[in-house]
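Here the structure is laid out as structure tokens; the discussion comes afterwards.
Quick note: the coordinates plus some simple rules give every number you see, no bench work behind them. Bear in mind that the values here come from a model prediction, so they are computed numbers and not experimental data. Neighbour counts are summed over all protein chains in view; Cβ atoms, including those assigned to glycine, are modelled from backbone coordinates with ideal geometry.
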Amino acid sequence: MQKNIAVINGDGIGPEVTRQSVNVLNAIAQKFGHEFNFTYCLMGADAIDKTGNPLPDETIEICLNSDAVLFGAIGHPKYDNDPSAKVRPEQGLLKLRKSLQLYANIRPVATYPSLHHLSPLKTKNIDGVDFVIFRELTGGIYFGKKELNAEQTVASDDCVYSREEIERIAHLAFQYAQKRKKRLTLVDKANVLETSRLWRKVVRELAIQYYDVTTDYMFVDNAAMQIIVNPKQFDVILTENMFGDIISDEASVIAGSLGLLPSASVGKGAALFEPIHGSYPQAAGKDIANPLGSILSSAMLLEYLDMREEASVVREAVEWTLKNNFVTKDIDPVNFYFTTTIGELICDYVGNKAPGEIHKANIELRKSTII
Ligand code: IPM
Ligand code: MG
């Protein structure tokens, strides 16, 4: 198959983790006889530096004309502590989500036995955790009217949801639950917020249609606690934009490292795939960032392109590296491997070049990854 993939490296560690993903996709293309054409485009602080605009029109155009978008990370510290900055890197991502109408952000949370010790939670509570967060991505408080009075003493952000916005993501989440453990939990704050009451009403109505799925409802404050005390109870969590932003970062600690978690944003146009971590500017250029969040996002990308076998080869390769303790510094601060080495090992595995016997010394000396 021939596919066009837009690549947005973005900021901080974005370029270096994305490079490894592109290499892995090329290894997959070679193994399975596909052709992936990558077109690079700008977004975020990188785009502001080069064009003054966090999302140049050209980027939107390229993404709209691609089969999928692979994205690295966004954000730069020079904007974070400046509330008066008019142009911000994050505006690029928010505008891209709107332009591509990516209304559903899918964030799987799974644990790996070899990493259980990294989680701040007890092994018995996290072994076998496997749930997915469906976060609404183009509505709610993120996109409501924003106001600041002339005296700069009062500010507001409107949270608005329409029935249609709730229905379209709820359908996706219910259908996803049907293919999994058939449980859906709507996370809201229906005891306080009118928008949450609308979410609950709409989801209750749809639940009748998806009668094979057990649906329950949880207030977000309780959900924040349940994700920590008993994460195994969840299968598919459906929630609005801001609650989803917060609980997905929270859920990432279950797996032991934020660097591991992938995500997909889907909607009406080309879907976008990105690790859930940020731009981690302190690590940029040091070859120490964990590329697995990005590589696992590429596995989701392959699945979205209907390349299921290809996606499972990538996941198997990732599991192989973790099992053999080929891990980056976030996972093992002492005996760690470099970003590029992990990427090369995964490419080797995909290309059947990784033998059973492993000569770690060669890898440690960065001599060879053909071990
Ligand atoms: C995320 C990020 C973004 C969000 C930021 C960078 C705008 O935190 O994708 O979770 O809040 O949606
Ligand atoms: Mg976030």
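Numbers for the structure displayed
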{"quantity": "The chain, dipole about Cα centre (Lys/Arg Cβ +1, Asp/Glu Cβ -1), debye to the nearest 20", "calculated": "600 debye"}
{"quantity": "Cβ-based charge dipole, the chain, positive-most Cα from T18, F134, L70", "calculated": "F134"}
{"quantity": "Computed [θ] at 222 nm, deg cm²/dmol, the chain (DSSP H ≥ 4; -39,500 (n - 2.57); rounded to nearest 500)", "calculated": "-13000 deg cm²/dmol"}
{"quantity": "Of Y210, Y280, Y349, the one that fluctuates the most in a GNM where the chain has Cα springs shorter than 10 Å", "calculated": "Y210"}
{"quantity": "Unsatisfied cross-links (Cα-Cα over 21 Å) in the set K124/K323; K98/K145; K124/K189; K122/K179; K179/K201", "calculated": "K124/K189; K122/K179; K179/K201"}
{"quantity": "The range 49-124: trypsin sites (Lys or Arg not before Pro) in DSSP loop, at most 13 other beta carbons within 10 Å", "calculated": "K86, K122"}
{"quantity": "FRET efficiency, 1/(1 + (r/R0)^6) with R0 45 Å, evaluated for D212 and D82 via beta carbons", "calculated": "0.35"}
{"quantity": "Shape category assigned to the range 120-255 from the gyration tensor of Cα positions, a/c cut at 1.5", "calculated": "oblate"}
{"quantity": "Most positive-pole-ward Cα, A170, Y211, T185, against dipole of the range 120-255 from beta carbon charges", "calculated": "Y211"}
{"quantity": "Modelled FRET efficiency - R0 30 Å, E309 with K182, Cβ distances, 0.05 increments", "calculated": "0.75"}
{"quantity": "Net charge contributed by nearby residues that have their C-beta within less than 11 Å of N37 (K/R +1, D/E -1)", "calculated": "-1"}
{"quantity": "Residue-count net charge about D157 - beta-carbon cut-off 10 Å; Lys, Arg +1, Asp, Glu -1", "calculated": "0"}
{"quantity": "Potential extension, S114-H171 segment - 0.36 nm per residue separation minus Cα distance", "calculated": "17.0 nm"}
{"quantity": "Whole-Å distance, taken between Cα centres, linking the range 11-45 and the range 188-206", "calculated": "40 Å"}
{"quantity": "Integer Hz, Karplus 6.51/-1.76/1.60 couplings in order for the range 181-196, x for Gly and Pro", "calculated": "8, 6, 10, 10, 10, 8, 9, 8, 9, 5, 7, 10, 9, 5, 4, 5"}
{"quantity": "Given charges at Cβ of Lys, Arg, Asp, Glu: the range 168-314 dipole, positive-most of V220, A311, I254", "calculated": "V220"}
{"quantity": "Loop sites in the range 174-267: trypsin sites (Lys or Arg not before Pro), DSSP, at most 10 other Cβ within 10 Å", "calculated": "K179"}
{"quantity": "Angle between the chain longest axis and helix 89-99 axis [Cα atoms, degrees, rounded to 10]", "calculated": "70 degrees"}
{"quantity": "Within the range 34-53: backbone nitrogen closer than 17 Å to the K95 label point (7 Å, Cα to C-beta)", "calculated": "41-53"}
{"quantity": "Within the range 120-255: Cβ-based charge dipole about Cα centre, in debye rounded to nearest 20 (Lys, Arg +1; Asp, Glu -1)", "calculated": "640 debye"}
{"quantity": "Amide H partners (placed H, <5 Å) of L70, local residues excluded", "calculated": "A6, V7, I8, F273"}
